[in-house]
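Please read the structure below before turning to the comments.
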Amino acid sequence: MAKKNFKELFNPKETKWSGLSPQMFLGLLLVVAVMLYIPFGGKPAGLMRGNFLTIFTVLAVFGILFGEIGDRIPIWNEYVGGGTVLVFFMSAVFGSYNLIPKPALYSIKIFYSKQPVNFLELFIPALIVGSVLTVNRKTLLQAITGYIPLILIGVLGATVCGIGAGLLFGKEPLDIVMNYVLPIMGGGTGAGAIPMSEMWAQKTGGDPKDWFAFAISILTIANIIAIFAGALLKELGVKKPSLTGNGTLIINNAKEAVKDEEVAVEVGQKEFAAALVLTGVMFIISNLSAQIWSSLNLPFDMHRLAFLVIYAIILNILDVVPPALKAGAKNVQTFFSKHTIWILMGAVGFGTNVQEIIDSLTLPNLIIALAIVFGAVAFIMLMSKKMKFYPVEAAITAGLCMANRGGSGDIAVLGAADRMELISFAQISSRVGGAMMLIIGSIVFGIFG
């Protein structure tokens, strides 16, 4: 992946500001700034209409500004999370220190988490359906029977070691599971920590931003640890050749490709729209299922997103969705995950207190995060050969690629480990493994939340 630099951002012949030239982006930034900061009618942000499109635009411009810059800051872009994390932190600063008018903050809160306008309930289902539905069917079946148990072993190791480290600092085991293990092993930010924050809020009655603020902090710490651990595992493979397949995961050399469904059809706006409708229908059914489940008074609740994961897996395994519709779902997922993530991170950040983030960056949290990542790696390496996997490659894919920031974290970890050929299995960890963690999170929050 080519590294981005600051110089190209200001080249008038380039369109590096998310498809915009520097001149055009500055024009958009000026319009948004005037709307927000010029009082009108005696009111701050008096020129602003707090509707969906306006707030979407404000967050998009803010996200592009700090997202493009964050993707170009050395070290930060490789180890901390690049533009996505910078957008979150900068929006948190703007919100915490009242650098943006209160009417705008109120409208952003509605945009993010209030009915009936709730961007979150469009973003998350689009990611879940697109990612799970488009995993190769044969691979999904193999993953469930072989690779998925390896992931669960890593989760168990992360939980055991995380609880052990937490006890040293007087933390309750349940606190470690809910606030450390779930966000770290949850498949990243967009399809992991964000939907988990909604689950937590529904079960506890709290604000999702309260859980998410700490979750992204601890996840960022774990992401950095995972990247460095990838480099250490690479060196371990050099010193102990018996532990590595040098880029091959399965010991019997059966290199079944783990990739998305590839379809020989032209995918356009019609397929995109159809997939969006399919996502909506599946979300409606999932919501109904969650309500019915709740009415049965069973020992624990199942969140609607957990049902959505299950239904997407079932549809994939039954192979009842036409290839063109699957491709459309993949396009929907790509659009939201790549082109609106900064918008969502900005919305979350504006409602996050900076002091809460600072308070989470402590030595105990660092040690607990280190223990969780180490636990996942250690348990996997101990069991991998018995399950016909090479220990180094198994630890990288089923361990570190569960404990990082999802797709971007996968690239960073595999790059540090010099195992980029394992990207397919890393995707299974981030996507299918992350989906499993949503189900586990739904159960944990339902019982103990």
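Would you confirm whether any residue within the range 418-433 is in the same structural domain as Ala213 (by TED's automatic domain parsing), among the basic types (Lys, Arg) and on the phi > 0 side of the Ramachandran plot? Checked against the condition, which is being in the same structural domain as Ala213 (by TED's automatic domain parsing), among the basic types (Lys, Arg) and on the phi > 0 side of the Ramachandran plot, the range 418-433 yields no hits at all. Residues in the range 228-254 that are surrounded by fewer than 23 Cβ atoms within 10 Å (Cβ to Cβ), aliphatic (A, V, I, L, M) and assigned to a helix (DSSP H, G or I): Ala231, Leu232, Leu236, Val238, Leu243. Does Ile148 satisfy being farther than 23 Å from Ile343 by Cα and of a type outside the set (Gly, Ala, Ser)? Taking the combined requirement at face value, the residue satisfies it.
Annotation note: Cβ proximity below 7 Å between a residue of the range 316-330 that is not assigned by TED's automatic domain parsing to the domain that holds Val129 and modelled with pLDDT of 95 or more and a residue that is part of a helix (DSSP H, G or I) and surrounded by fewer than 16 Cβ atoms within 10 Å (Cβ to Cβ) (sequence gap 6+ or interchain) occurs for no pair.
Kindly evaluate Trp211 against the criterion of being among the aromatic types (Phe, Trp, Tyr) and either outside any helix (DSSP H, G or I) or more than 27 Å from Tyr79 (Cα to Cα) (or both). It is false that Trp211 is among the aromatic types (Phe, Trp, Tyr) and either outside any helix (DSSP H, G or I) or more than 27 Å from Tyr79 (Cα to Cα) (or both).
Looking at this structure, is Asp207 modelled with pLDDT under 85 and either charged (D, E, K, R) or surrounded by 22 or more Cβ atoms within 10 Å (Cβ to Cβ) (or both)? It is true that Asp207 is modelled with pLDDT under 85 and either charged (D, E, K, R) or surrounded by 22 or more Cβ atoms within 10 Å (Cβ to Cβ) (or both). For the range 62-71, enumerate the residues that are surrounded by fewer than 24 Cβ atoms within 10 Å (Cβ to Cβ) and within 17 Å of Ser21 (Cβ to Cβ). Within the range 62-71, Ile64, Leu65, Glu68, Ile69 qualify. Residues in the range 163-208 that are at negative phi and not in a helix (DSSP H, G or I): Phe169, Lys171, Glu172, Met185, Gly186, Gly206, Asp207.
Any residue in the range 91-111 that is in a loop (DSSP other than H, G, I, E, B) and under 13 Å from Gly346 (Cα atoms)?
Yes, that holds for at least one residue.
Within the range 392-432, the set of residues being modelled with pLDDT under 80, under 12 Å from the mean Cα position of the chain (by Cα) and small (Gly, Ala, Ser) comprises Gly406, Gly407, Ser408, Gly409, Ser430. Inspection of the range 348-357 identifies no residue that is more than 27 Å from Gly67 (Cα to Cα), in contact with a helix residue (DSSP H, G or I) (Cβ under 8 Å, 6 or more places away or on another chain), in contact (Cβ under 8 Å) with a residue 40 or more places away in the chain and outside any loop (DSSP other than H, G, I, E, B).
Only one of Gly130, Gly67, Gly95 is closer than 30 Å to Ile250 by Cβ and either acidic (Asp, Glu) or modelled with pLDDT of 85 or more (or both); which? Unique residue meeting the criteria: Gly130.
Taking the listed residues Arg431, Arg405, Arg419, the one that is surrounded by 24 or more Cβ atoms within 10 Å (Cβ to Cβ), touching a strand residue (DSSP E or B) at 6+ places or on another chain (Cβ under 7 Å) and either touching a residue at least 12 places away in the same chain (Cβ under 8 Å) or not hydroxyl-bearing (Ser, Thr, Tyr) (or both) is Arg431, with no other qualifying. Entry remark, the range 386-402: residues being hydroxyl-bearing (Ser, Thr, Tyr) and buried (at least 24 other Cβ atoms within 10 Å of the Cβ) number 1 in total. Is one or more of the residues making up the range 391-405 touching a Phe, Trp or Tyr at 6+ places or on another chain (Cβ under 7 Å) and not aliphatic (A, V, I, L, M)? Yes, there is a match, as at least one residue in the range 391-405 is touching a Phe, Trp or Tyr at 6+ places or on another chain (Cβ under 7 Å) and not aliphatic (A, V, I, L, M). Only one entry of Ile163, Ile176, Ile153, Ile194 meets the criterion of being assigned by TED's automatic domain parsing to the domain that holds Gly349 and closer than 30 Å to Thr340 by Cβ, and that entry is Ile194.
The values are calculated or read from the model by the stated rules, or taken from the named source; none is laboratory data. Note that this is a predicted model, so its numbers are computed, not measured. Note that each Cβ is placed from the backbone with ideal geometry, even for glycine, and that neighbours are counted across all protein chains shown.
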